[in-house]
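> This is the structure, below, for whatever I ask next.
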Amino acid sequence: MEKWDELIDWRRRYESEGTFFIDQLKARGVKRVLDVATGTGFHSVRLVQEGFDTVSADGSQEMLRKAFENGFAYGQYVLKVVQADWRYLNRDVHGEFDAVICLGNSFTHLFSERDRRKALAEFYAMLKHDGVLIIDQRNYDSILDDGFSSTHSYYYCGEEVTAEPEYVDEGLARFRYRFPDGSEYALNMFPLRKNYMRRLMREVGFQRVDTFGDFQKTYHEADPDFFIHVAEKT
Ligand code: SAM
């Protein structure tokens, strides 16, 4: 049942994000992709389905087990999974990749700047000389500056799941997630500001960083729920 629910949710995510990531990767002639935040496997499965040679990494063995099961349930895909912490990625994942993806507002789980720099440097080092990093984040600027406007996350949660900030300052964003069955839980995240993220990526060596708002090139600064950064190595 849990798996089935997850896969139903996947259909909604497919619809909301369309072909954005696939188009970005194909436009750059990407063949080999490292998904560093596999989670339950949504993007990894999508990539395999589209014919990308994909390695699915995550720090959590439990998540990788779910991803593997989901891949098989979804299309009998056999994901190549590897347990790896972003901060030691090059130790545990071998080979070079045309693209690294870190999606689903995952980078927000790092709470120290040192860890963020280390993780980005590890992503950079996994890439070929002309590789690309695609990393997304919730729009924390609008939450920090204007209060919280969105009642649902753009594509991570199902429609019935609400995510509301309980506490927000420059060092912590605590969200409360409420599910249709009445259950709820709180999650602590680091509120990444958009320009801070862009600066960090440039400082570890990415030459060009394009930022999209909710999959669009142009956006009003406060509008999007999510930002997607596309960072090129050359
Ligand atoms: N990309 C997936 C999605 O969009 O459905 C999953 C996103 S989930 C919010 C974040 C994932 O990042 C979790 O599976 C977690 O285990 C992983 N993660 C968090 N910190 C990590 C770290 N330091 N190293 C490796 N994985 C990490």
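The values are calculated or read from the model by the stated rules, or taken from the named source; none is laboratory data. Note that the coordinates shown come from a computational prediction; the quantities given were computed from them, not determined experimentally. Glycine gets a Cβ as well: all are built from the backbone with ideal geometry, and neighbour counts include every protein chain shown.
> Does residue 47 meet the test of being in a strand (DSSP E or B), over 30 Å from residue 181 (Cβ atoms) and within 12 Å of the ligand (Cβ to nearest atom)?
no
> Another question, then. Under the condition of being in a strand (DSSP E or B) and within 11 Å of the ligand (Cβ to nearest atom), which residue from region 58-90 is surrounded by the fewest Cβ atoms within 10 Å (Cβ to Cβ)?
83
> Are there any pairs with C-beta distances below 6 angstrom linking a residue in region 140-152 that is under 9 Å from residue 225 (Cα atoms) to a residue that is at pLDDT below 90, with the two at least 6 apart or on different chains, and if so which?
Cβ pairs passing all conditions: 142/222; 150/225.
> On to the next question. Being within 13 Å of the ligand (Cβ to nearest atom) and more than 16 Å from the chain's Cα centre (by Cα) is the filter here; which residues of region 12-22 pass it?
Result: 12, single match.
> In addition: Give the residue that is surrounded by the most Cβ atoms within 10 Å (Cβ to Cβ), with candidates limited to residues of region 113-131 that are more than 17 Å from residue 196 (Cα to Cα) and free of Cβ contacts under 8 Å to residues at least 60 places away in the same chain.
That would be 122.
> A further question on this structure: Hey, could you check region 23-44 for residues that are assigned to a helix (DSSP H, G or I) and under 14 Å from the mean Cα position of the chain (by Cα) and say which is farthest from the ligand (Cβ to nearest atom)?
By that ranking, first place goes to 44.
> Shifting gears a bit: In region 196-219, which residue that is at pLDDT below 95, at negative phi and not in a strand (DSSP E or B) is nearest to the chain's Cα centre (by Cα)?
Residue satisfying both the conditions and the ranking: 217.
> Same structure again: Taking the criterion of being modelled with pLDDT of 95 or more, farther than 21 Å from residue 21 by Cβ and surrounded by 15 or more Cβ atoms within 10 Å (Cβ to Cβ), would at least one residue in region 133-150 satisfy it?
So far as region 133-150 goes, no, none of its residues is modelled with pLDDT of 95 or more, farther than 21 Å from residue 21 by Cβ and surrounded by 15 or more Cβ atoms within 10 Å (Cβ to Cβ).
> Follow-up question, since we're still on this one. Looking only at region 92-110, count how many residues are more than 10 Å from the ligand (Cβ to nearest atom) and either within 16 Å of the chain's Cα centre (by Cα) or assigned to a strand (DSSP E or B) (or both).
Matching residues across region 92-110 total 4.
> I'm told residue 131 meets every condition in (1) within 14 Å of the ligand (Cβ to nearest atom); (2) assigned to a strand (DSSP E or B) except one. Can you identify the failing condition by its number?
Unmet condition: (1).
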